[in-house]
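Undergrad: Before I ask anything, let me first share the structure, which is written out below as structure tokens.
The values are calculated or read from the model by the stated rules, or taken from the named source; none is laboratory data. None of the values given here were measured: they were computed from a predicted structure. Neighbour counts run over all protein chains shown; Cβ positions are idealised from the backbone, glycine included.
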Amino acid sequence: MEGYELVRRAQAGDARAFTTLVRHHERSLYATAYAITRSQWDAADAVQDALADAYAGIRSLRDPDRFGAWVSRIVVNECNTLLRKRVRVVPMEEPPEPQAFVWDGPEDGLDLMRAVHGLSPDHREVVALRYFRDMKLGEIAEVLGCPTGTVKSRLNRAVASLEAAMCPRTEEEVSR
Amino acid sequence: MNCSDVRDQLEAYIADDVTDVESMRIAEHLGRCESCAAAYERTRSVVADLKGISEAFVPRDRFVPHPAYGTGPAGGWVWRTIAVAASAVAIAAVGALSVPAIARELPFGVAKEFDALEDRAEDLQQQVDELTVRLEAIDGEQVAMVDTTPGDLAPEEAAAVQQLAMDFIRAQYAGDVAALEAMGTDRLKADLAARPGDYVREGAEGLTFAQMTEPALAEDGTYLIFVRLMDSGDWNESQYQEDFEIKLIDGRYLVDFMGMDA
Ligand SMILES: [Zn+2]
């Protein structure tokens, strides 16, 4: 069943359709929340809470095709709420082996996530929405409530930082 | 396109988020500029790795929708929302704003009035469509908010109309016919006297205001406002909507018409 049809059914109160829909999105939503919160447990909480909100509010979603962007926005908001609460809390050391999730990716993939965690909050957000949630500049701008140009420059800088972290240049290279 | 233009667009180019014309120009530049081609290769590799882990996290706690959760937030947040949002924003009624068949079967008014309301509802719907809906956290709750183009109504005017609609609904659930009468025009009073059962609602303890529109002012001076709500009575399997026509008479806002909508 197509996403559009699943959303329509979920809006009509079909819990099973909502569950199927969630299965399509939960991994990348979790990746997004983990990138932003930098905590496996906070990410799990944020996704759970966001999906509960999405389930309660899905009737208010006008355009079923926008479900992906809509639920991304709810997750980002949940993450930021959690982060604000965490300001005074000493961050817990992330365990060397994942506990809140099962890793189903390339062996060195978690190194890349650690590099993402090294970015500033603004940069983590745009990277997650762009590459985990596969969103366009305009959509990200809408979710974050900032101009497209801001998203673009954040993404450029974030990707440059990740390049530097993942493959430090050996030769001194001068652009242009 | 020079190198710095290309570098600025590389990320968007790789994410396929540039126009076809830009894409061709960038590709053309990459074909003849070694330095940019190398930069492209580095960025492309990191981007590919990022995309490669987007589906790699399998959360241990999987979300299972709980039927009871669908009842939405506890009643009352709309009041806060109005206080916060009265000036430039309102909650969107993003549900169906047209008058569906079910409303026509209800014993209110005549079909002609529904048609007139439907025409105006379409105008309003179009306005709502053009607005950007975003979710905002208000006191920790996610609320659907709409960025409205400022202008139409003064904030206190909009707030008064919203307030009247909500007072009216509360009186309906309180079964307070005298209060309803006091909030109505002569036309509404007459209808209320003839069919009080159409106005009084049950299931007050589950009353939840879900969403409401920014009031719109029709050409004839009537305010239109639609409120979506839930209760614990017969209608509790889903939200429904009350459509209001409100008039300003001798400095007082009064309900001229109330219809139910699915
Ligand atoms: Zn170049």
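Undergrad: Quickly run through region A:109-151 and pick out the residues that are among the small types (Gly, Ala, Ser) and under 17 Å from A:Thr37 (Cα atoms).
TA: Correct list: A:Ala115, A:Gly118, A:Ser120, A:Ala128.
Undergrad: Of all helices (runs of 4 or more DSSP H) completely enclosed by region B:125-195, which ones contain at least 1 residues that are modelled with pLDDT under 90?
TA: Once the helices (runs of 4 or more DSSP H) in region B:125-195 are filtered for at least 1 residues that are modelled with pLDDT under 90, what remains is B:155-174, B:186-194.
Undergrad: Turning to a different aspect of this structure: Is there any pair with a first residue in region A:102-126 that is more than 7 Å from chain B (Cβ to nearest Cβ) and a second that is part of a loop (DSSP other than H, G, I, E, B) whose Cβ atoms are under 7 Å apart and which are 6 or more apart or on different chains, and what are they?
TA: These pairs meet every condition: A:His117/A:Arg38.
Undergrad: Within region A:46-62, is there a residue that is buried (at least 23 other Cβ atoms within 10 Å of the Cβ), farther than 18 Å from B:Arg62 by Cβ, small (Gly, Ala, Ser) and under 11 Å from the mean Cα position of the chain (by Cα)?
TA: No - not one qualifying residue is present in region A:46-62.
Undergrad: Pairs, please: C-beta under 6 Å, at least 6 apart or cross-chain, first residue more than 18 Å from A:Ile140 (Cβ to Cβ) and in region A:155-176, second modelled with pLDDT of 60 or more and away from the ligand (no atom under 16 Å from the Cβ)?
TA: Filtered contacts from region A:155-176: A:Glu163/B:Val46; A:Ala165/A:Ala115; A:Met166/A:Ala115; A:Met166/B:Val46.
Undergrad: Check B:Glu11, B:Glu41, B:Glu34 and return the single one that is among the acidic types (Asp, Glu), at pLDDT 95 or above and within 11 Å of the ligand (Cβ to nearest atom).
TA: After ruling out the rest, the residue left standing is B:Glu34.
Undergrad: Can you confirm whether B:Asp17 is within 12 Å of another protein chain (Cβ to nearest Cβ) and away from the ligand (no atom under 11 Å from the Cβ)?
TA: In short, yes.
Undergrad: Could you list, in sequence order, the residues of region B:47-80 that are assigned to a loop (DSSP other than H, G, I, E, B) and either more than 7 Å from every other protein chain (Cβ to nearest Cβ) or at pLDDT below 90 (or both)?
TA: Within region B:47-80, B:Arg60, B:Asp61, B:Arg62, B:Phe63, B:Val64, B:Pro65, B:His66, B:Gly72, B:Pro73, B:Ala74, B:Gly75, B:Gly76 meet the criteria.
Undergrad: Please work out which residue is modelled with the highest pLDDT, limiting yourself to region A:70-101 and to residues that are under 25 Å from A:Asn156 (Cα atoms) and either surrounded by fewer than 19 Cβ atoms within 10 Å (Cβ to Cβ) or more than 11 Å from chain B (Cβ to nearest Cβ) (or both).
TA: Looking at the filtered set, the residue picked out is A:Cys79.
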